[in-house]
Amino acid sequence: ILGEHLRICPQGYTCCTSEMEENFANKSRSEFEAMMKEAGRSVQVTLTAQHRSFDSYFQDLLNKSEKALYDAFPSMYGELYTQNMKVFKDLYSELRRYYRGSNINLEEALNEFWTRLLERLFKLMNPQYHITDEYLDCMVKHAEQHKPFGEVPRDLKVKATRAFIAARSYAQGFLVGSDVVKKVSQVSLSHECTRAIMKLMYCPHCRGMSSVKPCNNYCLNVVKGCLANQADLNTEWKYLMDSLVVVADRIDGPYNVDTVIGTIHMRIAEAISNLQENKDSITAKVFQGCGNPKISTKGSSSEDKKRRGKVALEAKSSAQALEMLVVDAKGNLTALKTYWITLPGSLCSKKVTASSVADDKCWNGMTKGSYLPEVMGDGLANQINNPEVEVDITKPDMTIRQQIMQLKIMTNRLGNANIGNDVDFQDASDDMSGSGSGDSCPDDVCGKRLSKNPSTRQPETHAIPKQSGHGVSGASSRSLPSAFLLLLSVAFLAMQHLWR
């Protein structure tokens with residue numbers, strides 16, 4: 001029949017009524033969105049599986065260390081352990097909470113552990129004296145000078161903080177990546193994109209050419225136009241994948257979690273042994289600095305003096321398992337780096353089954369023949385002259401801009417973790433917006449520009465900009481508090497108003 005009634009397909013002779021054309025448009029839209037979600041799900045599955053594998057490995061390391069402590073310490077230390085069990089349990093509890101993302105200062109948590117342990121052990125080892133809380137405060141002030149536990153607290157603090165910072169940022173990075181893909185895959189197609197997809201996939205049917213497949217370059221232009229905003233994720237996505245690879249090398253290298261986390265109980269035992277062996281000299285130094293405490297009326301010692309730390313403590317290495325985890329993760333992360341810019345080609349070749357580039361008997365949008373227009377570049381800015389999809393390059397999709405900001409923030413955390421810096425975790429999933437993919441830091445130096453101080457004393461806090469518009473862009477901008485940027489923006493607007 002004559003096709004004057006058609007609103008999307010070419011208006012020559014056609015097999016389609018208006019109702020059929022509308023049905024095909026709805027069908028093409030739902031099919032294309034399903035393809036997008038399916039492609040996204042495969043990425044989500046990969047990232048979630050990597051998170052689950054590492055999380056299980058790390059939690060198992062921590063559990064084994066805690067169990068080894070509970071199994072060996074009663075026979076090693078007697079009442080020194082049983083009367084202070086809560087101190088050890090609290091330590092492992094804090095370590096788990098930190099790893100899971102709680103806003104805990106890890107150095108302070110470790111310092112608190114050693115302080116509480118010293119106070120309790122000093123009392124137990126000197127039961128003949130009445131030691132008040134004020135006296136303990138004095139003793140703690142001199143502890144850094146006397147080093148009652150030897151070098152263990154300082155050494156463990158440096159190694160454990162770096163290992164935990166790297167581990168929790170690494171685990172969180174996989175979840176953020178998966179969440180970004182999930183949110184972006186749910187973005188609906190525009191009206192213009194729906195028309196273009198219909199014309200690509202089902203207009204050949206209306207011309208009686210159901211067996212003719214779309215030309216490859218034609219398909220690419222349609223899909224690149226429809227996924228222009230998604231392609232703008234590419235830069236930040238690539239930096240996230242690269243940053244995860246860098247931190248993975250740290251976890252299996254300088255910040256080796258197998259060596260550090262798996263031996264926490266052994267370091268604690270070493271520290272307690274140091275205190276026991278130097279008990280007399282340390283007590284004398286404390287008495288000299290804080291004065292002699294009063295003799296206790298309770299009398300004799302309750303310490304099990306014969307029970308000294310001679311039981312062999314072992315840490316079963318799982319270094320090979322860690323190495324395999326890291327190798328597997330790096331392979332997957334490398335494969336996913338170009339996901340957003342290769343997605344159009346993937347959908348065209350695997351899903352839409354477009355014809356080869358040289359084929360002159362493919363569907364070109366109007367009839368069977370060659371497709372002459374050039375293929376557009378990736379991203380929103382490159383779609384200004386897209387011949388197949390009308391794209392408003394001045395109106396970026398806000399959901400996708402928010403996810404670009406999510407990627408930036410997570411990459412910043414990983415950059416800091418790479419150099420041993422702590423950045424506290426905030427759930428920023430629904431609270432931010434940004435514009436553009438930015439000029440972020442390269443993978444090999446990401447984080448080096450952020451800070452030269454490896455201390456974790458005060459975690460950096462990154463506030464989330466709640467206004468819409470332009471987000472943080474550039475490596476130097478990553479480490480600027482967004483609240484400061486917001487204040488600058490408000491001041492600038494106020495000055496503009498005054499000038500008017």
What about K183, is it in a helix (DSSP H, G or I), farther than 28 Å from E236 by Cα, in contact (Cβ under 8 Å) with a residue 12 or more places away in the chain and open to solvent by 10 Å² or more (accessible area, probe 1.4 Å)? no
Counting just the residues of the stretch 84-118 that are basic (K, R), more than 18 Å from F149 (Cβ to Cβ) and free of Cβ contacts under 8 Å to residues at least 60 places away in the same chain, which one comes out surrounded by the fewest Cβ atoms within 10 Å (Cβ to Cβ)? K86
Output for the stretch 144-174, where each listed residue is under 13 Å from W114 (Cα atoms) and touching a helix residue (DSSP H, G or I) at 6+ places or on another chain (Cβ under 6 Å): P148, F149, G150, V152, P153, L156, K157
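Based on this model, can you work out whether T259 counts as open to solvent by 10 Å² or more (accessible area, probe 1.4 Å) and part of a helix (DSSP H, G or I)?
yes
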Looking at the stretch 8-46, which of its residues are open to solvent by less than 70 Å² (accessible area, probe 1.4 Å) and farther than 25 Å from Q186 by Cβ? C9, P10, G12, T14, C16, T17, S18, E21
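Here's the yes/no breakdown for (1) open to solvent by 80 Å² or more (accessible area, probe 1.4 Å); (2) closer than 21 Å to Q83 by Cα; (3) under 40 Å from the mean Cα position of the chain (by Cα); (4) not small (G, A, S):
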{"residue": "L121", "(1), (2), (3), (4)": "no, yes, yes, yes"}
{"residue": "I131", "(1), (2), (3), (4)": "no, yes, no, yes"}
{"residue": "L136", "(1), (2), (3), (4)": "no, yes, no, yes"}
{"residue": "A143", "(1), (2), (3), (4)": "no, no, yes, no"}
{"residue": "K147", "(1), (2), (3), (4)": "yes, no, yes, yes"}
{"residue": "V152", "(1), (2), (3), (4)": "no, no, yes, yes"}
{"residue": "L156", "(1), (2), (3), (4)": "no, no, yes, yes"}
{"residue": "K159", "(1), (2), (3), (4)": "yes, no, yes, yes"}
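Yes or no, residue by residue, for (1) in a helix (DSSP H, G or I); (2) at pLDDT 90 or above; (3) under 26 Å from the mean Cα position of the chain (by Cα):
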site	(1), (2), (3)
M366	no, yes, no
M376	no, yes, no
N382	yes, yes, no
N385	no, yes, no
I400	yes, yes, yes
Q403	yes, yes, yes
G420	no, no, yes
S437	no, no, yes
Selection within the stretch 335-358 - under 16 Å from S28 (Cα atoms), modelled with pLDDT of 75 or more and hydroxyl-bearing (S, T, Y): none
Which one of these is farther than 27 Å from V187 by Cα, assigned to a helix (DSSP H, G or I), out of contact with any Cys (no Cβ under 7 Å at 6 or more places or on another chain) and modelled with pLDDT under 95: L80, L2, L91, L95? L80
Could you run through the stretch 125-145 and say how many residues are among the hydrophobic types (A, V, I, L, M, F, W, C) and under 12 Å from F287 (Cβ atoms)? 3
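The values are calculated or read from the model by the stated rules, or taken from the named source; none is laboratory data. A quick note: this is a predicted structure, and the numbers were derived from the prediction, not measured. Using ideal geometry, Cβ is built from the backbone for each residue, glycine included, and neighbour counts are taken over all protein chains shown. Keep in mind that these areas ignore ligands, DNA and RNA; they rest on the heavy atoms of the full protein, side chains included. Shrake-Rupley method; radii C 1.70, N 1.55, O 1.52, S 1.80 Å.
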